[in-house]
1. Only residues in segment A:502-517 that are assigned to a helix (DSSP H, G or I) count as the first member; pair them with residues that are among the small types (Gly, Ala, Ser) and within 11 Å of RNA strand B (Cβ to nearest atom), Cβ under 7 angstrom, at least 6 apart or cross-chain, and list the lot.
2. With respect to the numbered conditions (1) hydrophobic (A, V, I, L, M, F, W, C); (2) in contact (Cβ under 8 Å) with a residue 12 or more places away in the chain; (3) away from RNA strand B (no atom under 16 Å from the Cβ), which one is the sole condition not fulfilled by A:ALA734?
3. Filter segment A:429-446 down to the residues that are closer than 27 Å to A:GLU98 by Cα, loosely packed, with under 12 Cβ neighbours inside 10 Å and free of Cβ contacts under 8 Å to residues at least 40 places away in the same chain and list them by number.
4. With the condition kept exactly as written, say whether any residue in segment A:387-397 is at pLDDT below 95, acidic (Asp, Glu) and within 11 Å of RNA strand B (Cβ to nearest atom).
5. Looking at this structure, is A:VAL412 away from RNA strand B (no atom under 15 Å from the Cβ), part of a strand (DSSP E or B) and in contact with a Pro (Cβ under 6 Å, 6 or more places away or on another chain)?
6. With the requirement that a residue be surrounded by 21 or more Cβ atoms within 10 Å (Cβ to Cβ) and not in a helix (DSSP H, G or I), what does segment A:89-116 give you?
7. For segment A:253-269, name all the residues that are at pLDDT 95 or above and charged (D, E, K, R).
Amino acid sequence: MPYNHQEIEKKWQDRWEASGIFHAHDGGEKQKFYCLIEFPYPSGAGLHIGHPRSYTALDVVARKRRHQGYNVLYPIGWDAFGLPTENYAIKHKRKPQEVTLENVATFRRQLQSLGFSFDWSREVNTTDPSYYKWTQWMFLQFFKAGLAYKSKQPINWCLSCKIGLANEEVVNGKCERCGGETEKRDKEQWMIAITKYAERLLEDLDGVDYLEKIKTQQRNWIGKSEGAEIDFVLNVPGQESGKQKVTVFTTRADTIFGATFLVISPEVAKQWIDVGWVAPASVREYVQEALSRAEMERAAEGKEKTGVDTQIVAIHPANGKAIPVWVADYVLGSYGTGAIMAVPQHDERDRAFAEQFRLPIADEPLAAVDEVVEKVGGKKTVKYKLRDWVFSRQRYWGEPIPLVWCEKHQWVAVPDEQLPVVLPEVEKYEPTDTGESPLAAMTDWVNTTCPTCGGPARRETDTMPNWAGSSWYFLRYIDAHNDQAFASRDKLKYWMPVDLYNGGNEHTTLHLLYSRFWNKFLFDQGHVPTSEPYARRHSHGLVLASDGIKMSKSKGNGVDPDEIITQYGADALRMYILFMGPFEEPVPWSLNGLIGVRRFLDKVERYVQAWVPSDHDGLSGAGLLERSLKKISDDIESFKFNTAVSAFMSLFNAIAVSHITREQLKKILVVLGPFAPHLANECWEKIGEGGLVEEQAWPEFDARLLVQDEIEIAVQVNGKARATIQISPNADEAAAKQLALAQEKVQKHLEGREIVQIIYVPGRILNIVIK
RNA sequence: GCCGCGGUGGCGGAAUUGGUAGACGCGCAGGACUCAAAAUCCUGUAUGGGCAACCAUGUGAGGGUUCGAUUCCCUCCCGCGGCACCA
């Protein structure tokens, strides 16, 4: 008979809640352990089957740490601002606030049904005014420090969402959210100067324990290049010669003798035209056309190069030759100086361009970088690919940006005591084609007075991106109900940094980078105690549909967690999702696999039901149980949850026919606790033990039992396994050799041959080399 | 194109510093129990040959190092993720 999971899971969840055992304490004798999962976006679709993968894994770690005597903080909350909720609200003519509360209630119920050991008393919600008050306050710190600035510049505009997107939110020229077309538009946007932190975001990666691939991806994204800026004097037709110059950026100053022409970006050409350059009509046309299209679009049109001769001539600073200056859109306005020296001999792109427009290609005697830079009066410099963060959205469901525009004083911060600037309820949530947020229509709200002079002023109507609230939520968990500060200094000092953070790979260059930056800024301002927020970062792979492709609503290949939990139980889901494959890899869902794990749990339950206390260890191999539990314990540390589960299965296969003592069974149940906490407690109670499994100490493993006095090693003849021998791992070669040569199977292969050599690795192998 | 990761039975996947390849689970086959089915239990299950003992082959392909290679090196093929005209 399968055990009644519905009954026992509810029972233990109620007991845990009543006991308050998962509440973290802000201080005390115990060592702290802050364990964090990326808080979910409470979508209307309910929990995705992939969520439990991350949450279960860290739940296992959190529970183990409690057993080990740590004061564990494992919190949960809701990243609830964002487009899907807003779109849903628009479609169903409902308030996003209400929809959010409903979705949160569903998520909360679902997460609780999985038995996670979250500290629910610290639950946060980014859309709660008491939360976003501090998001706004932090934005103002950026503003006051000069790191938040408004800038009119081409932004990525999604035609369907009617919203400006950050570069990170545009994938292959399409909107990351809806897949719709994007175009470039000039829009006044709030920007945050993350590029000022580029170097530190890069350098400090050396001091944190992240999976190497995460570090690599962040390094590539930041994209540091060391090079030099070199000036070229220009002769512009119709202007006094030698008056103008252009600065190019190059990482290969050593190739300067191969530079046969210069190329400027359309953006730079536009600036020159704006300050009075009378450019040929062909140039004007080209520039106008190029700038009307997004950079993405320009790049997407393939490697076919386009460009126009500007008729300007530059003087090569090293050899004095006159070389032409072209404008071409393969040079980016947003990187370096927007101008390059073209070295076709060396650079593939320059070569393609030179060949297409029949520009000269010169051999290049290479010179030392330092000499060149000095000789031509250049300047060594460093450039990054990282761009500043586009921080405003023209949508309703986000944190209002707490600034006011006054004609006299320009942008003025809303005073702290007036925070939060509460998101007003509006008639219509629909975004507008004018590019303004729906808040702009709320004239009563928009029109206000200037905090500085009391004169008439207007509120900023853009809202923040949903990366804002998630950039600091780990700080709020530390002191979730504080209304004097986002968190108290003492508590921050106690809990930070986060000891272990797990999340999705898709956030590596978004949330993970933003929140590192945000924390560093707060650190510089003296508000948080550590420069890096996360000491250790892991990531999990996707749970794919059973056909190996991504689960999606449109394909209808998803799995409903509620259904699985109702039918097979939370413990089965928890343990299966850990067992299904390596934690970091994407793995297809398999219902049969889950059923197999459930079978195992039933076996455990039956074993405990039938268990009769034994005063001796009846296991065939001494120390088998200790070694299994030690392996599981170690596997948790290295995130090898799949082999930890298989070790449980092997262990039960071994003890099924044996007697074990009460102490042994208790150890098993404690180690099982983090994986299948409901069943472990039920069994604990069944064998007459009091209290909760969670209150027990993690077992100590007897070092003597971990070492086997006799093991099986293979005997090879010429590298092929022919037999095995039972021998002490410390046995000397003579003993091993004697045993091996006595083996009939070995003798058979040695017959008539000469032994040339014997390789013996104690505890591993004995190889007889013959000829 | 560049960066990163990977390729192992019918399937998901195991395999210490190079040391018996295929743990564990799924699936499948046979058997027990049952009037029967489900559930459960037992046995088998890389491939080829053999009743079997056993023999040979085998971790994407080819080469190399080594007593010994899934593991290390070289060349190549394929898949996944990221970046993508970043000078």
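1. Going by the 7 Å Cβ cut-off, the qualifying pairs are A:ASN505/A:SER539.
2. Result: A:ALA734 passes all but (2).
3. A:THR443, A:ASP444
4. no
5. Numbers: away from RNA strand B (no atom under 15 Å from the Cβ): yes; part of a strand (DSSP E or B): yes; in contact with a Pro (Cβ under 6 Å, 6 or more places away or on another chain): yes.
Against the criterion (away from RNA strand B (no atom under 15 Å from the Cβ), part of a strand (DSSP E or B) and in contact with a Pro (Cβ under 6 Å, 6 or more places away or on another chain)), A:VAL412 qualifies.
6. Across segment A:89-116, the qualifying residues are A:LEU114, A:GLY115, A:PHE116.
7. Correct list: empty.
The rows are residues; the columns are (1) among the hydrophobic types (A, V, I, L, M, F, W, C); (2) in contact with a Pro (Cβ under 6 Å, 6 or more places away or on another chain); (3) part of a helix (DSSP H, G or I).
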{"site": "A:ILE565", "(1), (2), (3)": "yes, no, yes"}
{"site": "A:TYR576", "(1), (2), (3)": "no, no, yes"}
{"site": "A:GLY581", "(1), (2), (3)": "no, no, no"}
{"site": "A:ASN592", "(1), (2), (3)": "no, no, yes"}
{"site": "A:VAL612", "(1), (2), (3)": "yes, no, no"}
{"site": "A:GLY618", "(1), (2), (3)": "no, no, no"}
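The values are calculated or read from the model by the stated rules, or taken from the named source; none is laboratory data. All values derive from a computational prediction rather than experimental measurement. No Cβ is skipped: glycine too gets one built from the backbone with ideal geometry, and neighbour counts run over all protein chains shown.
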